[in-house]
1. If you take the residues of segment 50-83 that are within 19 Å of residue 170 (Cα to Cα) and assigned to a loop (DSSP other than H, G, I, E, B), which of them is farthest from the chain's Cα centre (by Cα)?
2. Select from segment 204-239 the residues that are touching a residue at least 24 places away in the same chain (Cβ under 8 Å) and assigned to a loop (DSSP other than H, G, I, E, B) and write down the one among them that is surrounded by the most Cβ atoms within 10 Å (Cβ to Cβ).
3. Which condition number in (1) part of a loop (DSSP other than H, G, I, E, B); (2) in contact with a helix residue (DSSP H, G or I) (Cβ under 8 Å, 6 or more places away or on another chain) is the one that residue 102 fails?
4. If residue 180 meets every condition in (1) surrounded by 13 or more Cβ atoms within 10 Å (Cβ to Cβ); (2) over 30 Å from residue 8 (Cα atoms); (3) touching a residue at least 40 places away in the same chain (Cβ under 8 Å) apart from one, which number is that one?
5. Residue under question is residue 21, and the condition is that it be under 28 Å from residue 265 (Cα atoms) and under 14 Å from the mean Cα position of the chain (by Cα); does it hold?
6. Report the residue count in segment 166-180 for those that are over 15 Å from residue 20 (Cα atoms) and touching a helix residue (DSSP H, G or I) at 6+ places or on another chain (Cβ under 9 Å).
7. Looking at (1) assigned to a loop (DSSP other than H, G, I, E, B); (2) within 22 Å of residue 241 (Cβ to Cβ), which is the only condition residue 197 fails?
8. Given the options 274, 260, name the one that is more than 22 Å from the chain's Cα centre (by Cα) and over 30 Å from residue 158 (Cα atoms).
């Protein structure tokens, strides 16, 4: 195998649906310019690590790539060092974002039709059915396990947890600012120019100043009798999120000059016009 120092580092953003991925992609595109690839050939990428390997070898200019279907486990390449980026989100709050996103879409498919034709409860009741895609049923665990859709079982949870454990850093949507700092610090040795300052993209209501806990409580109230079925259908995602938050808190507490770095990031975001 080639000396690690001679390997080409490439960022791989596993852009999970409704997990602030568009904001991270905006920063990656700004930071890497023509070296960033927003990969949209989902059919080729899905479940196909060999395709990813060949794509990166055929496109030597790529320094960062984002895909909604990052094929875990990632391939091993002699000349490329893969640095995956993952952002998790609390599954309860994520449900409202999925619903409102589907309501806004101009395209017609069962999900958008159900979202436009009914309220949150009717949409969620339909999405909880096993006959529908598991977009709000342990979705994050399934995607990060590399086994999608799978059955939403303990093996998928173990695979997803092992992936998070192996990452030098990962993000939490509800703590996006701190996530950007942790990403920058973990990656700056390989990408000296990395700058993840941001303007929030694809936000449903930029004026909403409620805390994550307040937004989550509002969603739970709106779900009503469906809250317990939703929790049951997301038991693995809830456990994965809790595990991730524990590690995230530890990483943040152990980061030297964390508050100063956060202040410096905020200053860069303000220069971009971010509120």
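Each value in this text was obtained by applying a stated rule to the coordinates, not by laboratory testing. This one's a predicted model, so the numbers in the text were calculated from it and none came from an experiment. Methodologically, a virtual Cβ is constructed for each residue, glycine included, from the backbone with ideal geometry; neighbour enumeration extends over all protein chains shown.
1. Going through segment 50-83, the residues within 19 Å of residue 170 (Cα to Cα) turn out to be 63-74, 81-83.
Checking which are assigned to a loop (DSSP other than H, G, I, E, B) leaves us with 63, 68-74.
Details: 63: 19, 68: 9, 69: 11, 70: 11, 71: 14, 72: 14, 73: 16, 74: 16 Å.
Taking the candidates together, the pick is 63.
2. Restricting to residues being touching a residue at least 24 places away in the same chain (Cβ under 8 Å) and assigned to a loop (DSSP other than H, G, I, E, B), the top hit is 234.
3. Here residue 102 meets the rest and fails (1).
4. Here residue 180 meets the rest and fails (2).
5. Working: under 28 Å from residue 265 (Cα atoms): yes; under 14 Å from the mean Cα position of the chain (by Cα): yes.
Taking the combined requirement at face value, the residue satisfies it.
6. To start, the set of residues in segment 166-180 that are over 15 Å from residue 20 (Cα atoms) comprises 166-169.
Applying the additional criterion that residues be touching a helix residue (DSSP H, G or I) at 6+ places or on another chain (Cβ under 9 Å) yields 167-169.
Total satisfying the criteria: 3.
7. Condition not satisfied by residue 197: (2).
8. Values: 274 fails: more than 22 Å from the chain's Cα centre (by Cα).
Exactly one of 274, 260 is more than 22 Å from the chain's Cα centre (by Cα) and over 30 Å from residue 158 (Cα atoms), namely 260.
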